[in-house]
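The values are calculated or read from the model by the stated rules, or taken from the named source; none is laboratory data. Here the structure is a predicted model, which is why all the values come from computation and not from measurement. Because the Cβ atoms are built from the backbone with ideal geometry, glycine has one as well, and the counts that use them run over all protein chains shown. All accessible areas refer to the heavy atoms of the entire protein, side chains included, with ligands and DNA or RNA removed. Shrake-Rupley method; radii C 1.70, N 1.55, O 1.52, S 1.80 Å.
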Amino acid sequence: MSQMTRDEKQLPVVGDRHVDPHSYPEGVAFLDGQYLPMSQAKISVLDWGFLHSDATYDTVHVWNGRFFRLDLHLDRFFGGLEKLRMTIPFDREGVTEILHNCVALSGHRAAYVEMLCTRGTSPTFSRDPRQAVNRFMAFAVPFGSVANAEQLQRGLRVAISDKVRIPPASIDPAIKNYHWLDLVRGLYDAYDRGAETAVILDFNGNVAEGPGFNVFCVRDGKLSTPSIGVLPGITRRTVFDLCAEEGLAATATDVSVAALREADEVFITSTAGGIMPVTEIDGVRIAHGKVGAITSRLMALYWQKHDDPAWSSQVNYP
Ligand code: PLP
């Protein structure tokens with residue numbers, strides 16, 4: 001063995017480090033033109049998606065082997081790409097095919113399916129984003145939910161954090177993004193106060209949204225949800241569509257913290273879990289701590305729609 005210098009000896013071994021596949025969820029990713037197990041789907045640490053959070057993404061779910069409202073997710077994703085001036089080498093049909101392939105190859109019947117695009121890197125390491133080669137990726141992993149089975153039954157315990165969601169004048173929230181430091185700090189506030197998740201505020205001190213979800217409250221049979229500074233969630237949109245079918249009044253408007261605390265019912269919405277009840281806010285019970293009648297009705301309708309061809313499409317399994 002050749003003599004090593006002191007500096008070399010201090011360097012850790014570089015090479016094919018063993019990767020424990022069990023530390024990754026079971027699933028399939030599409031990356032740089034290839035389908036790969038999740039444990040092998042890796043990108044450069046120099047990618048601006050990672051270094052600058054310069055990325056957009058969308059998440060759709062598959063339930064009982066069917067995509068739910070895939071068209072709406074594709075609309076939002078392609079809208080984000082355009083606003084961020086990113087280009088990918090696939091059109092809508094191409095992305096659809098890749099998403100189908102990821103799910104089919106994974107074999108999952110209930111999946112969390114993400115399409116994303118990072119700014120990528122510039123081949124010359126230029127700092128000019130126009131010179132970066134954008135990187136499209138997609139993956140399908142097992143379905144995940146903001147609320148677990150117990151929380152779905154009894155309702156979530158939520159804290160209202162005073163953290164303020166990044167204002168829409170800074171980042172258009174319709175561009176689904178990874179600017180989550182406000183949400184993560186809110187989440188820690190919630191944990192510190194014994195709650196399970198957090199709702200954070202908009203720049204006017206009204207309710208905004210939480211880590212991965214929109215918020216609804218029901219008062220005297222009428223629903224309301226924050227209108228500004230929040231991601232226009234597809235599940236939120238689905239609640240509006242269900243309310244229209246059911247003849248329920250639903251509006252996007254300012255929702256004050258007081259209105260949330262005094263609501264008859266509160267629920268949150270996300271592709272990761274659907275419609276999920278909240279029964280406690282800052283240690284105080286909402287609606288005597290029971291999941292409300294309107295929330296329960298909407299939850300049932302939401303899952304029924306997953307088999308309806310007008311709202312869902314079959315995955316192309318082999
Ligand atoms: N708000 C934020 C910040 C989110 O990240 C998400 C989903 O990830 C949502 C709301 C809910 O959106 P959707 O219903 O489209 O999943």
key: Per-residue ³J(HN,Hα) for the range 268-273, Karplus 6.51 cos²θ - 1.76 cosθ + 1.60, θ = phi - 60°, Hz, x for Gly and Pro   = 10, 9, 6, 4, 7, x
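What whole-number value in cubic angstrom gives the convex hull volume per residue for the C-alpha atoms of the chain?
Hull volume normalised by residue count: 174 Å³.
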remark   = Of all lysine pairs in the chain that are eight or more residues apart or on different chains, those with Cα atoms under 24 Å apart total 5
message = Helix 234-246 against the longest principal axis of the chain: what's the angle in degrees, Cα atoms only, rounded to the nearest 10?
response = 30
request  = For the range 33-78, report the convex hull volume of the alpha-carbon atoms normalised per residue, in Å³, without decimals.
outcome  = 122
ask   = In the range 155-294, how does Rg compare with the Kirkwood Rh, expressed as the Rg/Rh ratio over alpha carbon atoms?
value = 0.93
inquiry  = Run the simple label-point estimate for ALA149 and GLU93 please: 7 Å along Cα→C-beta, distance reported in nm.
reply    = 4.3
task = Could you rank the peptides 114-123, 149-158 by their average count of other C-beta atoms within 10 Å per residue, with the highest value first?
result = 114-123, 149-158
task = Pop out the carbon and sulfur fraction of the accessible area of the chain as a percent, whole number, probe 1.4 Å.
result = 53
key: Once the Cα gyration tensor of the range 111-212 is diagonalised, semi-axes √(5λ) in Å   = 31, 20, 11
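How large is the accessible surface per residue of the range 241-318, computed with a 1.4 Å probe and reported in Å² as a whole number? All intermediate terms of the calculation are to be shown ahead of the outcome.
Details: 3600 Å² over 78 residues.
Value for the range 241-318: 46 Å² per residue.
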Positive-end residue, the range 53-133 charge dipole about Cα centroid, Cβ charges, pick of LEU81, PRO129, VAL113 = PRO129
request  = Give me the angle, in degrees from 0 to 90, between the Cα long axis of helix 181-192 and the longest principal axis of the Cα atoms of the chain, rounded to the nearest 10.
outcome  = 60
Kirkwood-based shape ratio for the range 55-123, expressed as Rg/Rh from alpha carbons = 0.99
query = Which value in Å is the Kirkwood Rh of the range 269-318 over different Cα pairs?
reply = 13.0
query = Roughly how many Å² of TYR24 are accessible to a 1.4 Å probe, to the nearest 10?
reply = 80
